[in-house]
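Enquirer: Okay, here's the structure, questions in a sec.
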Amino acid sequence: MEEFLFDPHTHTAETSKCGHLPAAEVVDRYVRNGFSGLVVTDHLHPEYLSRIDKDHDWNKVMDHYLSGYHASRKRGDEVGFQVILGAELRFPENDNDYLVYGIDEDWLRSNPYVCCMSAREFWQKFHDQVLIIHAHPYRDGNTVVFEDAVHGTEIINGNPRHDNHNDLALDLARRHPGFFRLAGSDTHQAGDEARAGVILPEKPADSFAYKDLIEQRRFRLWSPEFQSFVDEDEKMRKEEAK
Ligand SMILES: [Zn+2]
Ligand SMILES: [Zn+2]
């Protein structure tokens, strides 16, 4: 069976202040690493708004926010590489990050200031529309994990410049048997790329198709660096299938 390697957690320099690789270069690096696609999950949070939203104009904010995604898409289309839209949200209450899938440009534009509510309000409002995955829930000592406001969690965050405490994230997933367990590189700069991802049975056409594949549990984790976590996920998957 043909398989497709995707990274569901990447950033672009165009949109994310902490991103140091232009979108086209991110795409090129993933192509070189044999990936079939990636999800652009640039940061959307109050801090970003205070930097970008000088005119208090959400559509202008979105023009800027989507610039990284558009540049990725452009390069992806040139080289036959799938680029999908996602987002990494943070709310005013703390520094938790939430990956969101199953969205498009219309969704972003028609939900102004979506990062200005609380994580639980976001969950109540959107949990039956979008897929909400806790990114690196225990990174650098994050301790306030809202377990009731997510569909799942990264159990592998490949970013090498943070202590992500993936072991604690795996424990979190164990406590919530229904949680989706995900993996991603969280690429910001050279050397971050292609360290973790998901293996899919088909190329998702867009963010909605990606969400569907995850919800149907038609994916496996990939990360040579964190192979023991991949194996553990495989084991849990077999148990769940019984
Ligand atoms: Zn970042
Ligand atoms: Zn990230």
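Enquirer: So, residue 173, is that one assigned to a loop (DSSP other than H, G, I, E, B) and surrounded by 22 or more Cβ atoms within 10 Å (Cβ to Cβ) or not?
Expert: no
Residue-wise test of (1) away from ligand 2 (no atom under 16 Å from the Cβ); (2) in contact (Cβ under 8 Å) with a residue 24 or more places away in the chain; (3) crowded, with 16+ Cβ neighbours inside 10 Å; (4) within 17 Å of residue 136 (Cβ to Cβ).
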site	(1), (2), (3), (4)
167	yes, no, no, yes
182	no, yes, yes, yes
185	no, yes, yes, yes
204	yes, yes, yes, no
217	yes, yes, no, no
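Enquirer: Are any residues in the stretch 23-37 of a type outside the set (Val, Ile, Thr) and away from ligand 1 (no atom under 15 Å from the Cβ), and if so, which ones?
Expert: If the condition is that a residue be of a type outside the set (Val, Ile, Thr) and away from ligand 1 (no atom under 15 Å from the Cβ), then 24, 25, 28, 29, 30, 32, 33, 34, 35, 36, 37 are the ones that fit.
Enquirer: Give me the residue from the stretch 139-186 that is charged (D, E, K, R) and at positive phi and, out of that set, modelled with the lowest pLDDT.
Expert: Taking the candidates together, the pick is 140.
Enquirer: Condition test on residue 190, is it in a loop (DSSP other than H, G, I, E, B) and over 15 Å from the mean Cα position of the chain (by Cα)?
Expert: yes
Enquirer: Moving on. Kindly indicate whether any position in the stretch 45-60 is surrounded by 21 or more Cβ atoms within 10 Å (Cβ to Cβ), within 16 Å of ligand 2 (Cβ to nearest atom) and at pLDDT 95 or above.
Expert: No, every residue in the stretch 45-60 fails to be surrounded by 21 or more Cβ atoms within 10 Å (Cβ to Cβ), within 16 Å of ligand 2 (Cβ to nearest atom) and at pLDDT 95 or above.
The values are calculated or read from the model by the stated rules, or taken from the named source; none is laboratory data. Nothing here was measured: the structure is a model prediction, and the numbers come from that model. All Cβ positions, even for glycine, are placed from backbone atoms using ideal geometry, and neighbour counts span all protein chains on display.
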